[in-house]
Each structure stands twice: as structure tokens, then as C-alpha cells.
Amino acid sequence: MQPLELSAIDLVAAVANGDLTAVECTQAALDRIAALDPGTNAFLHVDQASALAAAEAVDAKRAAGKPLGPLAGLPVGVKDALCTRDMPTTCASKMLEGYQPPYDADTVARLRAADAVIIGKTNMDEFAMGASNENSAFGPVRNPWDATRATGGSSGGSAACVAASMSTVSIGSDTGGSIRQPAGLCGVTGLKPTYGRVSRRGLVAFASSLDQIGPMAHSAADCGLVLETIAGHDPLDSTSLDEMVPSYTQMLEEPLAGIRIGRVPAHFGEGLDPEVAAAVEEGFRVLEAAGATIHDIDLPHAKYGVATYYLIAPSEASSNLARYDGVHYGHRTSEPCRSDAFDSPLVEMYCRSRAEGFGPEVKRRIMLGTYALSAGYYDAYYKRALQVRRLIRQDYLDAFAKVDLIGGPVSATPAFPLGEKTDDPLAMYLLDLYTVTTNLAGVCGISFPCGFTGSGLPIGYQLQAPALAEPLLLRAADRFQRLTEWHRRRPPSA
Amino acid sequence: MSLSRDDVAKVATLARLALSEDELAQMTSELTKIVGFVSLLEEIDTSNVEPLAHPLGTTNVFREDEPAPSLPVELAIATAPKQDGECFLVPAVLGD
Amino acid sequence: MPEPTDNAAPYTTVIGLEVHVQLLTKTKLFCSCENRFGAPPNTLTCPVCLGLPGSLPVMNREAFRLAVRAATALDCTIAEFTKWDRKNYFYPDLPKGYQVSQFDLPFSEHGQLEAIDPKGAFEPRMVRILRVHLEEDAGKSMHDESAGTADSRIDLNRTGTPLLEIVSEPDLRSPAEARCWLGELRLLLVYLGVSDCNMQEGSLRVDANVNLHIPKADGSLAKTPIVEIKNMNSFRSVERALTYEVVRQYEEWQATGKELGSAPKQTRGWDDAAGITRGQRHKEESSDYRYFPEPDLVPVTLTVDEIAAIREGMPESPRALRKRLEETWKIPAYDADVLVGQGRALVEYFETLARLVDDGKVASNWMQQDVLRTLNEQGIAIDAFPVAAAGLADVIGRVKKGDFDTSRGREIFAEMIASGRSAEEVVAAMGIAAVGDDELMALCRELVEANPKIVADVQSGKQQAAGGLIGQAKKKNPNVNPGQVRGLCLKIIGELPAP
């Protein structure tokens, strides 16, 4: 039995039955990482010894007849934006190179408590800022379907490690599409839960009112399995929802009959790649075949989503990233700091440490956010963006009064060549067109493969659902995957 | 909306980022483009719209006033670029 | 236009105060680290108050409760909806690079507190309070210039301590008023159990804004630029700094004629040893804090009923208490002020005593003279005072009954304090017994016989000469009651045949 060919649900069952050991699963993942990751760069840190030790502990537990956790033996890659007390947490930034936090993120703690095996920390855009994973200080991730192309971002490592079956599932974070877009470009399934569904404690903050942790896997059912473990109230995160966590995997059987799915005609306008458009339209047909009905709806302010997002997210980021100042942790300049060009040696230390530690995109967003919040510009930029955010959320509320789900593309194009957009920040921002509004509204969304281009690149389909409607969202995606084989395809390298 | 080099230099000071002249020039041109793009929002009438800063509608989240152990000092300062076993060290903070 | 308070001065002094007080919670505002002064550096920190990546704040329920209590006592309007904002600036004692504070929707606004001088040096002045908000404290930067090192040391124990910011309107008209107002504020907060308001430990900190309104010859008013004074570490230094600054501003105005608006607000630090304020370096970024709503916290709402219930449950304020003591126990305002100034426990002791002896004035006298002196000498609080109110009432009752005089009563009370014994036991141990009537009569007859000169003086009409007999009587028997001796001796002399 090849552990990495199994779904997460089957792998966990096999470990529980004794058909596989956790060590076998972990070793399989480690072997595959050793073989494939030099060409992919999906992982920033792999700790073989501690992963095997965790796996041995699971096997010992089983041997001793103790009950196993719901994810026992499951190899998980965790985005390097989540704190791990036994592994570095760098956010793919030179600023945090070698930084090891003294605590585990809530999600990491829940995974460990569920007997999952954390295989390593996955590559990402620096501080989760990017849509191609080319902003990593430790090199871009290469798309397992075509090594000359980007994975998307910012959770590019988490998408690629699942796509290339280096781990069964992974954890990403999504601030404006950072789970769904790379999932789409890498041919895997990625879920952005409702804001507050998964605790943000221990997720290095990018934009606190938008950030959300979520699972990535080969299937919606596997995403549901992981979500059952990582979702739930955390009294130490004031913004974590105190709502019961349903058994997502137990709620997949009900058919889609009577479910209304919205289609936004404006999504199919200029700029959408024809192959993508065709595959997404075909996706609607699949859902229709499953019993759903399709209805054209309008999200009148969706076209302002990117502009709104690129004011709000950088504003929050400019504040969230102020703590990287070379005093308490992280990079400090080795310059002597005695220049007259600065107010004081302290100010020079700040300015140089931050200039050296942050990459160009992070600096750009800090600058943009600082500007949008600064005296004289606050009303014109930040405040106005918050007003439009309310309009965008209202669009969703209005739409969800008419339909149960909204379907559509996740990304206008399939995976693009590395380097193609790195010189044009604005072009990169526009890649978030279909995904940012989900975060602005705080609702949930999922991306899964709905076809391939003629050249063999995966195409993603996105479904969005109202707040806390993950059961329906997962059910619809699972139903889609019962009727299609796209999610079973594996890259030729794999 | 066009930003000047000096506008950008002022923002860099606020953000505590040391930028070279070349970086300033590039940043000025990039920010001008981005700010031009986000100015798209000006076409929306927002006069009667309440800002929405957060997607959650929840209120009144508290914790009880019960102490828990703090980190040992060694761990608290372990990650500091410069420390003396007790405190974080920084270039002189001038009297204020 | 504010009216001048000091007719001698050719200007009106305008003072507003900004007070920060640390709340008396067990833990910090956003994490479970202890809120405690004096621990070794960086031993009271955790990922949250260190601002480590990924850490998140959760509001301390007790901190919010204490904050609302304080604002209610300050007559503020309590908001039904309040939220927190980030105030962004870089400083090494601010590990997140922002302070969680309140900007446009503080939890309370528009209160008032009166400044009163019990000695009547100025008329009571009602001072409006602009707002009270709840925020987190920063850590401490320490720079030892003498050590000659280039580095400052940062201790983050204080980081995240709940801090109340109380901002007054510029309604104070003299440094003395400012000092009294601060005293009243401190007393109120201590009475409420909101803060210990210890300036030495930094749990109460004051910044003052001051300028002068100077009538000009043409009838218009010149306003000097507002100066913010910092680094004052006692109420006395607040008064001194303001007094200094008022004179300095007047002199500067006379020299330069500079008025408000012609220069940015200046910050000056008070140098207590030198007794002067010094201009501080202008911080370029200080004007742009880029406030925005803190996305890691949710707002707090209170219903009208909840706010009303808080108001209902407020304890008696020091001001109301003073008034009640004056009226109930018929004591002077000054006495009431002293008693109330000592705290609620001492007032309770006083009221128990006054009830037992059924005499507020006498009880107050004993409190002011004997109890307070002992507390001061021994440096203890009333809780640690060895004699209960009932014990002191026993002594006062015996004095009233005529068992012994007040000064003897004091000696007995002092011995009770020293030994912890009851009045009964001390009286017995000191051989103090009520002097019997026969014994007293015998003593007086003996004195009259032995002092023919005094007797002659009394007979010639000098009644005060009998005082000499009292002194001698006390020497022979310290337990005698001087009044009784005097009365008895005069009676015996009166019964003698006329010379």
C-alpha cells in the first residue's frame, strides 16, 4: 500500500486498522520530499527526526491500545506563517530567518493533539504577500505540473507539496485568495473557512481582519476531515467564533437537489482565459447534473474588490509588521548606526534593519499601508475602503438571499511562467480579482480542479458560501468530485 | 493622484524603512501607479455608508483576571538580537 | 473667557491635566501575566505582551469593569458601544510597534471632578473631564549615562498593564488648584479600589498642559503657546513645575510676544533637582499615529440598564463622605477632610468610635491627635492598628465618666497601643483606681490645712489660686480628678470660718 496515494480519510483509517504504521506514512513523505523537493522548493524546513519521533509516538500509542486521534499518522505540511515551537517560523522572510517561537499556533497544537505528523514548514510569499510565491526570500516554489511556472501564492508551498504528494494534506492561510488561488493553479482542493472559524492565534499576522487558516488536500472530503480538527473556538483569540464545529465528513451524503448556485456574468468578461472560461462553465454543468440549479446573479461592487483589498490589507499589514524592528527578535542590521542622515542611532537601527530584513513586495505594502493611514489620506483611502467593504459584504448578503452558493473561476489564467509578472506589482495584484471579496465579506470559499488546459495545466473552480456554511460548501465540492476525476490527476513528475 | 519623491520619503520615515535614492525613485513610480488604481473607489458614492472595519459582528469577548505563569526570562529574551541576560539592548534611547 | 483667580497677576493661568493610572488587576490587560511592580526585568512576559509574531490580545474583564467604575465615579457618560484602536509609533519599549488604545469612541466622556481646598485657599472649582479611556501601558527603557555604554536596556514587565487615561478640560486656574484636583482624583480612585495611585512606582503619572491668557492694552486677549510638561513624579513637583512654567511663559511672552498658533505645541520636561522645565527634542513622527480600529479585538457594548446598574452600585465618593461626616457628626470640614484623606477603613474606625461614644467631635479629636499620630509614627495603616474602636471608646467613656482626666486617658491609650491590653487591664496595672470619696475628702482636707497662703488667697477672692492645690493633689495621687479636687477644696475653704 502506497501511503501517499491514499486520501487522508483512507490513510487515517489504514493507520487506525494497522494496515499502515504512522512511521511508514511519514517515511514515505520524507522520501518523496528528498526526491522531489529539490526541484520544487515547497518546503523551507523539514525535520526528519522530529517527524519520525512524532510518528513513532503514534504507533506506540496504538500498540499500547490507547485511542488514536482523528488524524493519527497523517503527514501534514504547515505553512511557515504558523508558529511551531520545535521548528523555525520564518514567513519566508530574511527578517525572521532562524526565528523559533516559544509556542505552537492553535492550529498546530490541534494537529498534534489529533496525532497528525507535521512533516515540515512550507514555502510561501514573504509574510503571505504575493500571488505567485516568487516573493519568498528563500526562492520561488516551482509548479509540480510545470517547473517553469509559478504555483500561485501565497500558500504556494502548501499547494505544491500536496500536488506533488509530498504530504497528504497541508495547512495554508488565505488573506485575499492565498489558499484558493494556488490550489487552483496546482490542481488541488483548498478551503478558506469563514473568518473566525479557525483560530488565528499563532498565525503570523498579515491583515488581521482578513487572515484565515485553512486546509489543502486532494479532495473536499479530506479538507473537511482536517477542518474538523483545526476549527473551533479559541478563548485566546478574541475573533475566534464560539460556534459548534459540525462533523463535516459526516454531512457529505445529502444530494445537491434544490441547491441554488449563483453565477456572476461579470466574472466571464475580458481578461478571463478562454480555456479557463470553458472549464468553469463546464463546472456549472457538473453541479447542475448533481441536482443544483444555476442562477445568474450580480455582485455590483465586486469589481472594486481588488482596490478595496489593496488599501485595507496593506494598512493593517503596515501596523502588523511594525514589530519587526530589530529589538526583540528577528534581523538587526550589523551597520554601526552612526550616520547623521537619521534622527538617532536607534532610528537608524530601525530603518536599516527593516530595509535589510524585508523584501521588495513587503516594503511596497508597508509603504502603501502607511500612506493610506497617514494624516490627510486616511479618509480618502483607508476609510473609503472600509465603506466599500461594507458595500461588498452587502452584495454577498443580498446574493445569498437568492442563492445558496456562488460558483465561478478562482483565477483568470492557469499557472503563469515564473518571472512573468514580477516586474509589475499591479498586474500581480489583479490576479486576486476573484478571491479577495470572500475575505472582505468574511464568508467561506473553496477551490478545486475543474479541468486542464490543452498543455496540461490545472484549472480551478471556486465556490463561495455564506458565513459558517462550510457543510454545504464541502458537500457541493465533494459532490462535484464524485462526478469528476480532475482531482485524481497527478502531475507527471509525481 | 501623483506622489512626489518627498511624499514617499516622508512615508518611508514613518514606516522606518531606509530607502536609497534609487529605491525611492522606483517606489515613487510604483506607488503612484497603485494609488492611481485604488483611486477607482472615488467613483462610488459612499456618503451614507458606515465603514466596515471587521467582518465579525461579535462583541464583549473577555477573559477572566486570573494569572498564568509567564515565560522564564531566558526564553523571553532568547530571540533578541542583543541582550544582557536580563534586558533587551538597543542603541541609546535619548532622554525624553 | 475664564476669570482670573489671582488678581495680582496680569494674566489668567489655564491648566489641563492628562493623568494615567494603572488599574489594580491581578493580570495585564491582554494576557495572563501578573500585573505587579518590582519583579526582576522581563520575568513577567509572555508571547502576547512581548508582541511575538502570531500572538493575540484578549481583554481582561476586570480591567474593563474597573475602568467603567472609575469613569462612572467621575460623572462621565458611559458609552453603549466602544472599541479599541491601534496607535502606531516605533519605540523599543513598545514591542508591537503600536499601542492598543482608544481613539474616536472611548468608553466614556464628559465627566467632572471638583478641586477643593479644605483650607479655603481658593474657591472650589468644578473641572470638566473630556474623556477617560482604557489602553495598555508600555515597558520601560533604562539608560545609565554614567555607565558610559551606548545601549539602553529594555524591560517589558510593565508592557500591557491596564492603563486609564483621564484627560481634563483646561479648567484649572492655578498650580495649587491642579495639585488639589490631583489629590481629589487620587483619593477617589483609591476609594474605588481602581488603582493604588502610587506615583513613586508609576501607577499614577501626570502630564500638564499650560498656557496663559493675557489681556492686552487694546482689550484683546493674548494666549501664549501651550506647553506640555512631563516628568513630574509627585504632586508637589506638579505644583512646582506649573508655578515655574507660568512665570517662564510670561517672561517669554514679554520678551518675544509669541502667541498660540505661531509655534507647534512644545513639550518640556521638569527637572526636579534644578527646579526648571527644559525643552524636549521635537519628535518628527509624533503627530502621525495612524490610528485605525484594532482588528484583533472586538468592540464592547453595554446596555442602558447595565450602565444604570453600575451607577446604582457605586460606593460613596470621598466628597459625599466628607459632607456626610460633617453633617452627621458635627465635625469641622477640616477634620472631615483629614479623616477621609486617610481612606475608607479609617473613616469606618472613626464612625464606629463616634457611635460608641455618641460624640463626633470628641471622637474626631482622639482620631486626629492620638490615632493618626500613632499611625504616622509607626508607619502603619488603620487595619494594623492594635486597639479596636471599642477599646478607644472604653477609654473615652471613662474620661467622660470622670474616672480620670483626658491626659491620663491618653497615657492609658498609649499603653494599650504599646501592650495590646484592654483599658481595664492597663488601669489595673498602672494602679489607677477611681479615687474613693472618703479618700479624696481626706486628701483635700490635708491640702487645705497645709497651704494657708492659698487658702487666704482664695478667701480674698482669687479662686484661681486653687489651681496650686490641684497640682499638689496629682503629685500625691495621680488618679485624682482635677475637677473634683478643685470643687472639693473650694467647698472646704468655703466652710472655714472667715479670717
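With 10 angstrom as the radius, rank A:T308, C:T303 by how many other C-beta atoms surround their C-beta, starting from the fewest.
Least crowded to most crowded, the residues run C:T303, A:T308.
Counting Lys and Arg as +1 and Asp and Glu as -1, each charge on the Cβ, what is the dipole of the range C:340-437 about the Cα centre in debye, to the nearest 20?
Details: 10 positive and 15 negative charges, 37 e Å.
In total the dipole reaches around 180 debye.
Calculate the FRET efficiency for B:T32 and C:R236 from the Cβ-Cβ distance with a Förster distance of 41 Å, rounded to the nearest 0.05.
Taking R0 as 41 Å, the efficiency between B:T32 and C:R236 is 0.15.
Assigning unit charges at the beta carbon (Lys, Arg +1; Asp, Glu -1) and nothing else, what dipole magnitude in debye, to the nearest 20, does chain C show about its Cα centre?
The dipole of chain C has a size of about 660 debye.
Tell me the label-point distance for the pair C:Q112, B:E66, using the 7 Å Cα-to-Cβ offset, in nm and rounded to one decimal.
In this crude label model, C:Q112 to B:E66 measures out at 4.4 nm.
With r defined as the distance between the Cβ atoms of C:R248 and C:T301 and R0 fixed at 60 Å, what FRET efficiency is calculated, to the nearest 0.05?
Calculated transfer efficiency: 0.80.
Return the long-range amide H neighbours of C:F103 (sequence gap of 5 or more, or a different chain), with a cut-off of under 5 Å between placed amide H atoms.
When sequence neighbours closer than 5 places are left aside, the close amide H contacts are C:D85.
Kindly list the residues of the range C:62-87 that lie in the label zone of C:M314, defined by a backbone N under 12 Å from the point 7 Å along the Cα-to-C-beta vector.
Answer for this model: C:68-78.
Okay, helix-only estimate at 222 nm for chain A: each DSSP H run of n ≥ 4 adds -39500 (n - 2.57), divide by all residues, round to 500 deg cm²/dmol; what do you get?
Rounded to the nearest 500, the figure is -11500 deg cm²/dmol.
Can you give me the distance in nm between label points at C:E424 and C:L260, each placed 7 Å from the Cα along the Cα-to-Cβ direction?
Result: 6.9 nm between the two label points.
Please work out the C-alpha center-to-center distance from the range A:217-293 to the range A:301-342 and express it in whole Å.
One Cα centre to the other: 34 Å.
Can you list residues whose amide H is under 5 Å from A:G451's amide H, if they're 5+ apart or on another chain and H is modeled 1.01 Å from N?
Under 5 Å from the amide H of A:G451 lie the amide H atoms of A:I459, each far enough along the sequence or on another chain.
Which is farthest toward the positive dipole end of the range A:383-494 among A:G407, A:G456, A:P417, measuring Cα position about the Cα centre, with Cβ charges +1 (Lys, Arg) and -1 (Asp, Glu)?
Checking the options against the dipole of the range A:383-494, the answer is A:G407.
Provide the per-residue ³J(HN,Hα) series for the range A:115-126, in order, calculated from phi with Karplus coefficients 6.51, -1.76, 1.60 and θ = phi - 60°, each as a whole number of Hz, with x at glycine and proline positions.
6, 6, 10, 7, 7, x, 9, 9, 5, 6, 6, 3
What is the distance in Å between the Cα centres of the range C:303-334 and the range B:1-48?
56 Å
With everything on Cα atoms, drop me the angle between helix C:318-329 and the longest principal axis of chain C, reported from 0 to 90° to the nearest 10.
Taking Cα atoms only, the helix is inclined about 20 degrees.
Where does each of B:R5, C:R205 land when they are ranked from fewest to most other beta-carbon atoms within 10 angstrom?
Details: B:R5 13, C:R205 19.
Lowest count first: B:R5, C:R205.
Taking θ as phi - 60°, what are the ³J(HN,Hα) couplings along the range B:2-10 by the Karplus curve (6.51, -1.76, 1.60), each to the nearest whole Hz, with x for Gly and Pro?
Coupling constants for the range B:2-10: 10, 9, 8, 4, 5, 4, 5, 5, 5 Hz.
Mind checking the mean number of beta-carbon atoms from other chains within 10 Å of the Cβ atoms in A:361-369?
Numbers: counts 0, 1, 6, 5, 1, 6, 13, 8, 4.
Neighbouring Cβ atoms belonging to other protein chains average 5 per residue here.
Which Cα, out of C:T352, C:L440, C:L156, lies furthest along the positive dipole direction of chain C (beta carbon charges, K/R +1, D/E -1)?
Highest projection toward the positive end goes to C:L440.
Can you give me the distance in nm between label points at C:T328 and C:D218, each placed 7 Å from the Cα along the Cα-to-Cβ direction?
6.0 nm
Could you work out how far helix C:389-401 tilts from the main Cα principal axis of chain C, as a 0 to 90 degree angle to the nearest 10?
Value to nearest ten degrees: 30.
Once phi is turned into ³J(HN,Hα) by the Karplus curve 6.51 cos²θ - 1.76 cosθ + 1.60 with θ = phi - 60°, what whole-Hz value does each residue of the range C:78-83 show in order, with x for glycine and proline?
3J(HN,Hα) across the range C:78-83, in whole Hz: 8, 6, 7, 9, 9, 9.
Suppose R0 equals 56 Å; then what is the FRET efficiency for A:A289 and A:A427 from their Cβ-Cβ distance, rounded to the nearest 0.05?
Working: r = 36 Å, r/R0 = 0.65.
So the FRET efficiency works out to roughly 0.95.
Scan chain A and note any complete DSSP helix (H) whose C-alpha atoms cover at least 27 Å along its axis and whose Kyte-Doolittle average is -0.5 or more.
For chain A, where a helix must reach 27 Å along its axis and average at least -0.5, the hits are A:384-402.
State the Cα centre-to-centre distance between the range A:1-39 and the range C:73-152 in whole Å.
Going from one Cα centre to the other spans 57 Å.
Taking H placed 1.01 Å from N in the peptide plane, check which residues at least 5 places from C:G54 or on another chain put their amide H under 5 Å from its amide H.
A:A205
Beta carbons within 10 angstrom, averaged per residue: use that to sort the peptides C:364-375, A:145-156, C:164-175, A:335-346, highest first.
A:145-156, C:164-175, C:364-375, A:335-346
What average number of partner chain Cβ atoms lie no more than 10 Å from the Cβ of the residues making up B:18-31? Can you show the working numbers first?
Values: counts 15, 4, 1, 0, 0, 3, 0, 0, 2, 5, 1, 0, 7, 5.
Average per residue, whole number: 3.
Rounded if a/c is under 1.5, else prolate if a/b is larger than b/c, else oblate: which is chain B, with a ≥ b ≥ c the root eigenvalues of its Cα gyration tensor?
The shape class here is oblate.
For helix C:467-476, what angle does its Cα long axis make with the longest principal axis of chain C, in degrees from 0 to 90 and rounded to 10?
The two axes meet at around 90 degrees.
Ranking A:M166, C:M430, B:M27 by Cβ neighbours within 10 Å, fewest first, what do you get?
By the 10 Å Cβ count, ascending: C:M430, B:M27, A:M166.
Please give the net charge around A:L74, taking every other residue with its beta carbon less than 11 angstrom from that of A:L74, where Lys and Arg add +1 and Asp and Glu add -1. Before the final figure, lay out the partial values.
Working: positive: none; negative: A:D10, A:D115, A:D222.
With Lys, Arg at +1 and Asp, Glu at -1, the neighbours total -3.
All of the numbers you see were taken from the coordinates with simple rules; none came from a lab. Since the structure is predicted, the reported quantities are computational estimates derived from the model, not experimental observations. Positions of Cβ are backbone-derived with ideal geometry, glycine not excepted, and every protein chain shown enters the neighbour counts.
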